[in-house]
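Undergrad: Following this message is one structure expressed as structure tokens.
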2 protein chains.
Amino acid sequence: MKRIKLIVAYEGTNYQGWQIQPAGTTIEGILNQKLTELTSEPVAVIGASRTDSGVHALGNVAIFDTNTKIPPEKISYALNQRLPDDIVVQHSCEVPPDFHPRKCESRKTYEYHILNRTFPLPLHRNDCYFTYRNLDVERMRQAAADLVGTHDFKSFCSIHAQVKTTIRTIYSLTVCKEQDIITIRVTGSGFLYNMVRIIAGTLLQVGTGERSPLEMADILKAKDRAAAGPTAPAHGLTMIGIEFGEYLK
Amino acid sequence: MKRIKLIVAYEGTNYQGWQIQPAGTTIEGILNQKLTELTSEPVAVIGASRTDSGVHALGNVAIFDTNTKIPPEKISYALNQRLPDDIVVQHSCEVPPDFHPRKCESRKTYEYHILNRTFPLPLHRNDCYFTYRNLDVERMRQAAADLVGTHDFKSFCSIHAQVKTTIRTIYSLTVCKEQDIITIRVTGSGFLYNMVRIIAGTLLQVGTGERSPLEMADILKAKDRAAAGPTAPAHGLTMIGIEFGEYLK
């Protein structure tokens with residue numbers, strides 16, 4: 001039995017998110033189905049980031065155990081033959097049997113994309129949140145800086161989430177603008193439910209002037225979801241990639 | 001009666017191209033329908049570039065004549081309320097009654113996008129042509145340079161096209177690479193049927209090494225469609241914009 005790691009890219013538009021649901025098509029469901037067909041074994045993947053409906057990925061990570069004779073590096077090619085064109089495996093390899101994409105220490109990177117111009121652009125309608133309201137990137141940067149570090153991010157966590165601790169570490173949080181697209185890029189030790197989208201929603205309010213960039217420290221201190229901004233729409237979010245530290249490069 | 005100019009952006013994936021067809025949905029057909037609803041007059045737009053099925057646009061141009069009381073600059077906003085989200089008008093204004101987007105002198109710019117990496121990316125499946133074959137951008141640039149200027153582009157024109165002359169001027173033709181995306185950008189006085197896609201298909205052959213970059217002069221001289229490379233797939237092509245010179249900025 002081998003444990004295989006997949007790096008998976010997808011456009012989330014046509015899926016009910018990563019995780020298998022009672023109804024609707026999910027990334028996890030499609031991967032299980034196509035890997036089961038490919039290996040002729042029942043396969044159940046475990047994903048690193050259980051992205052919501054509409055969220056995209058360039059480098060989400062999933063593992064599964066298999067007895068297949070297909071060489072680990074070739075599984076990506078064979079699986080892509082079967083996958084729909086909005087899910088593409090970017091890499092496959094064998095990993096140690098105790099590697100677990102959610103339990104092992106990791107650094108995850110997400111990007112939130114905002115299209116900021118007078119009218120939307122059709123080619124970005126599924127991968128950028130559009131707003132015609134003028135956003136001040138310098139204010140957004142100033143606010144973002146106060147979230148970097150180890151904090152209790154309870155204010156940036158959806159209230160129905162059940163977790164042991166709401167303390168997380170953000171290693172970097174940058175706001176860049178290229179032409180009409182503003183990219184909020186965040187790397188952290190892990191993220192609470194909806195945390196990146198709530199950060200994006202709060203930074204959007206700072207960008208429009210609804211909030212002062214100086215409010216971030218108070219929002220953290222409040223430990224209250226109501227203190228932060230709204231959850232920005234899912235389709236602006238992309239799971240960029242995951243690094244697994246010394247245990248697994 | 002006023003003549004109105006529209007700048008139109010669209011994703012071509014779900015359309016049978018610009019021009020109204022006996023069957024299937026077209027950009028022209030949708031614009032006519034929605035403008036007719038908006039103005040309560042029968043409207044028939046005239047488009048500058050009659051893009052093929054699957055080709056996208058950031059700045060295609062269309063005109064129509066109307067007696068509507070809606071201020072010209074507001075037509076874009078009102079029309080976008082009615083259009084599907086893969087067609088978005090970027091600008092509307094009044095133009096002189098003799099302005100014609102195909103008869104007036106213009107410079108058109110197109111881009112052909114190639115995603116060049118081991119595996120495709122879902123978010124670029126509709127707007128980039130994908131190839132895993134290694135492309136040498138320097139060779140492509142060398143070949144491209146020989147097409148700049150005024151030439152008989154008969155070798156780069158689909159054989160079923162009926163035109164008075166196959167002489168055209170290319171003002172610039174550049175090949176740039178950013179991360180995994182190669183962009184062929186061409187500006188010209190006008191383009192023959194499939195000309196940009198045949199140029200892209202020929203430059204792709206130069207990039208893979210199937211052809212020498214030195215062949216371009218001979219291909220032009222041949223004045224024979226069979227001398228050039230294949231027509232690259234439609235979905236890699238985007239109509240970027242049109243400048244109308246001194247007559248109309």
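Okay, residues lined up against (1) of a type in the set (Gly, Ala, Ser); (2) modelled with pLDDT under 95:
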| site | (1), (2) |
| --- | --- |
| A:Glu94 | no, no |
| A:Asp98 | no, yes |
| A:Leu121 | no, no |
| A:Arg125 | no, no |
| A:Arg133 | no, no |
| A:Ala161 | yes, yes |
| A:Asn194 | no, no |
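Undergrad: May I ask you to list the residues in the stretch A:198-248 that are over 27 Å from A:Gly54 (Cβ atoms) and modelled with pLDDT under 95?
TA: A:Gly245, A:Glu246, A:Tyr247, A:Leu248
Undergrad: Could we say that A:Ala222 is closer than 21 Å to A:Lys108 by Cβ and of a type in the set (A, V, I, L, M) here? Spell out how you get there, then give the answer.
TA: Working: closer than 21 Å to A:Lys108 by Cβ: no; of a type in the set (A, V, I, L, M): yes.
Judged against the criteria, A:Ala222 is not a match.
Undergrad: Do we find that A:Val89 is in contact (Cβ under 8 Å) with a residue 40 or more places away in the chain and within 14 Å of chain B (Cβ to nearest Cβ) in this structure? It would help to see each step written out before you state the result.
TA: Working: in contact (Cβ under 8 Å) with a residue 40 or more places away in the chain: yes; within 14 Å of chain B (Cβ to nearest Cβ): yes.
Here the answer is yes, as A:Val89 does meet what is asked.
Undergrad: Check off (1) in contact with a Cys (Cβ under 8 Å, 6 or more places away or on another chain); (2) within 30 Å of A:Tyr10 (Cα to Cα); (3) within 14 Å of chain A (Cβ to nearest Cβ) for B:Glu73 and give me the number that stays unchecked.
TA: (2)
Undergrad: Any residue that is closer than 18 Å to A:Ala145 by Cβ, surrounded by fewer than 18 Cβ atoms within 10 Å (Cβ to Cβ) and not hydroxyl-bearing (Ser, Thr, Tyr) - is there at least one of those in the stretch A:228-235?
TA: Looking only at the stretch A:228-235, we keep the residues that are closer than 18 Å to A:Ala145 by Cβ, and these are A:228-229.
Those still in the list that are surrounded by fewer than 18 Cβ atoms within 10 Å (Cβ to Cβ) too: none.
No, because not a single residue in the stretch A:228-235 is closer than 18 Å to A:Ala145 by Cβ, surrounded by fewer than 18 Cβ atoms within 10 Å (Cβ to Cβ) and not hydroxyl-bearing (Ser, Thr, Tyr).
Undergrad: Test each condition in (1) more than 9 Å from every other protein chain (Cβ to nearest Cβ); (2) more than 26 Å from A:Glu178 (Cα to Cα); (3) in a strand (DSSP E or B); (4) touching a helix residue (DSSP H, G or I) at 6+ places or on another chain (Cβ under 6 Å) for A:Ile63 and report the one that comes out false.
TA: Exception for A:Ile63: condition (4).
Undergrad: Of the numbered conditions (1) touching a His at 6+ places or on another chain (Cβ under 9 Å); (2) away from chain B (no Cβ under 14 Å); (3) of a type in the set (Val, Ile, Thr), A:Thr68 satisfies every one except a single condition; which is it?
TA: So A:Thr68 meets the others, but not (1).
Undergrad: Confirm whether B:Pro96 is over 15 Å from the mean Cα position of the chain (by Cα) and farther than 30 Å from A:Tyr77 by Cα. Give the derivation first.
TA: Values: over 15 Å from the mean Cα position of the chain (by Cα): yes; farther than 30 Å from A:Tyr77 by Cα: yes.
Yes, satisfied.
Undergrad: Let me ask you something else. Taking the conditions exactly as written (buried (at least 20 other Cβ atoms within 10 Å of the Cβ), outside any helix (DSSP H, G or I) and either at pLDDT 95 or above or within 12 Å of chain A (Cβ to nearest Cβ) (or both)), does B:Leu79 satisfy them or not? Spell out how you get there, then give the answer.
TA: Values: buried (at least 20 other Cβ atoms within 10 Å of the Cβ): yes; outside any helix (DSSP H, G or I): no; either at pLDDT 95 or above or within 12 Å of chain A (Cβ to nearest Cβ) (or both): yes.
Against the criterion (buried (at least 20 other Cβ atoms within 10 Å of the Cβ), outside any helix (DSSP H, G or I) and either at pLDDT 95 or above or within 12 Å of chain A (Cβ to nearest Cβ) (or both)), B:Leu79 does not qualify.
Undergrad: Scan the helices (runs of 4 or more DSSP H) fully inside the stretch A:122-239 and keep the ones with 1 or more residues being more than 30 Å from B:Ile7 (Cα to Cα) and without any contact (Cβ under 8 Å) to a residue 24 or more places away in the chain.
TA: A:137-145, A:216-222
Undergrad: Might you check whether a residue that is of a type in the set (Ser, Thr, Tyr), surrounded by 19 or more Cβ atoms within 10 Å (Cβ to Cβ) and more than 21 Å from A:Thr26 (Cα to Cα) occurs anywhere in the stretch A:84-95?
TA: Kept after step one, since they are of a type in the set (Ser, Thr, Tyr), are these residues of the stretch A:84-95: A:92.
Checking which are surrounded by 19 or more Cβ atoms within 10 Å (Cβ to Cβ) leaves us with A:92.
Cutting the leftovers down to more than 21 Å from A:Thr26 (Cα to Cα) gives us none.
Within the stretch A:84-95, none of the residues are of a type in the set (Ser, Thr, Tyr), surrounded by 19 or more Cβ atoms within 10 Å (Cβ to Cβ) and more than 21 Å from A:Thr26 (Cα to Cα).
Undergrad: Please enumerate the residues belonging to the stretch B:126-141 that are hydrophobic (A, V, I, L, M, F, W, C) and at the interface with chain A (Cβ under 10 Å from one of its Cβ atoms).
TA: Applying the first criterion (hydrophobic (A, V, I, L, M, F, W, C)) to the stretch B:126-141 yields B:128, B:130, B:135, B:137, B:140.
B:Phe130 - this is the single residue of the stretch B:126-141 that is hydrophobic (A, V, I, L, M, F, W, C) and at the interface with chain A (Cβ under 10 Å from one of its Cβ atoms).
Undergrad: So, of the residues in the stretch B:96-125 that are of a type in the set (A, V, I, L, M, F, W, C) and surrounded by fewer than 20 Cβ atoms within 10 Å (Cβ to Cβ), which turns out to be farthest from the other protein chains (Cβ to nearest Cβ)? Quick ask: steps written out before the conclusion?
TA: Filtering the stretch B:96-125 for residues of a type in the set (A, V, I, L, M, F, W, C) gives B:99, B:104, B:114-115, B:119, B:121, B:123.
Next cut, surrounded by fewer than 20 Cβ atoms within 10 Å (Cβ to Cβ) only: B:99, B:104, B:119, B:121.
Values: B:Phe99: 22, B:Cys104: 24, B:Phe119: 5, B:Leu121: 6 Å.
Once the filter is applied, the top-ranked residue is B:Cys104.
Undergrad: Which residue, of A:Leu6, A:Leu31, A:Leu38, is more than 14 Å from chain B (Cβ to nearest Cβ) and either within 28 Å of B:Asp180 (Cβ to Cβ) or assigned to a helix (DSSP H, G or I) (or both)? Show your work before the answer.
TA: Numbers: A:Leu6 fails: more than 14 Å from chain B (Cβ to nearest Cβ); A:Leu31 fails: more than 14 Å from chain B (Cβ to nearest Cβ).
Going through A:Leu6, A:Leu31, A:Leu38 in turn, just one is more than 14 Å from chain B (Cβ to nearest Cβ) and either within 28 Å of B:Asp180 (Cβ to Cβ) or assigned to a helix (DSSP H, G or I) (or both): A:Leu38.
Undergrad: Quick one: count up the residues across the stretch A:9-28 that are outside any helix (DSSP H, G or I) and more than 23 Å from A:His100 (Cα to Cα). Full working, then the answer.
TA: First, the residues of the stretch A:9-28 that are outside any helix (DSSP H, G or I): A:9-11, A:15-26.
This time we only want the ones that are more than 23 Å from A:His100 (Cα to Cα), so: A:11, A:15-16, A:22-25.
Within the stretch A:9-28, residues that are outside any helix (DSSP H, G or I) and more than 23 Å from A:His100 (Cα to Cα) number 7.
Undergrad: Okay, moving on. Among the residues of the stretch B:179-207, which ones are aliphatic (A, V, I, L, M) and in contact with a Lys or Arg (Cβ under 7 Å, 6 or more places away or on another chain)?
TA: Within the stretch B:179-207, the first condition is being aliphatic (A, V, I, L, M), and the residues that meet it are B:181-182, B:184, B:186, B:192, B:195-196, B:198-200, B:203-204, B:206.
Scanning the stretch B:179-207 gives B:Leu192, B:Val206.
Undergrad: Scan the stretch A:1-20 for residues that are small (Gly, Ala, Ser), buried (at least 24 other Cβ atoms within 10 Å of the Cβ) and without any contact (Cβ under 8 Å) to a residue 60 or more places away in the chain and report the count.
TA: 0
Undergrad: Same structure, new question: If I filter the stretch A:41-60 down to residues being of a type outside the set (S, T, N, Q) and within 14 Å of chain B (Cβ to nearest Cβ), which single residue comes out as farthest from the chain's Cα centre (by Cα)? Spell out the reasoning first.
TA: To start, the set of residues in the stretch A:41-60 that are of a type outside the set (S, T, N, Q) comprises A:41-48, A:50, A:52, A:54-59.
So of that shortlist, the ones also within 14 Å of chain B (Cβ to nearest Cβ) come out as A:54-59.
Values: A:Gly54: 11, A:Val55: 7, A:His56: 7, A:Ala57: 7, A:Leu58: 9, A:Gly59: 9 Å.
Ranking the qualifying residues of the stretch A:41-60, first place goes to A:Gly54.
Undergrad: Let me ask something additional. Restricting attention to the stretch A:143-162, report how many residues are more than 15 Å from A:Leu220 (Cα to Cα) and either under 18 Å from the mean Cα position of the chain (by Cα) or among the polar types (S, T, N, Q) (or both).
TA: Within the stretch A:143-162, residues that are more than 15 Å from A:Leu220 (Cα to Cα) and either under 18 Å from the mean Cα position of the chain (by Cα) or among the polar types (S, T, N, Q) (or both) number 2.
The values are calculated or read from the model by the stated rules, or taken from the named source; none is laboratory data. The model shown is predicted, which means the values in this text are computed figures rather than measured ones. We place every Cβ from the backbone using ideal geometry, glycine too, and count neighbours over all the protein chains shown.
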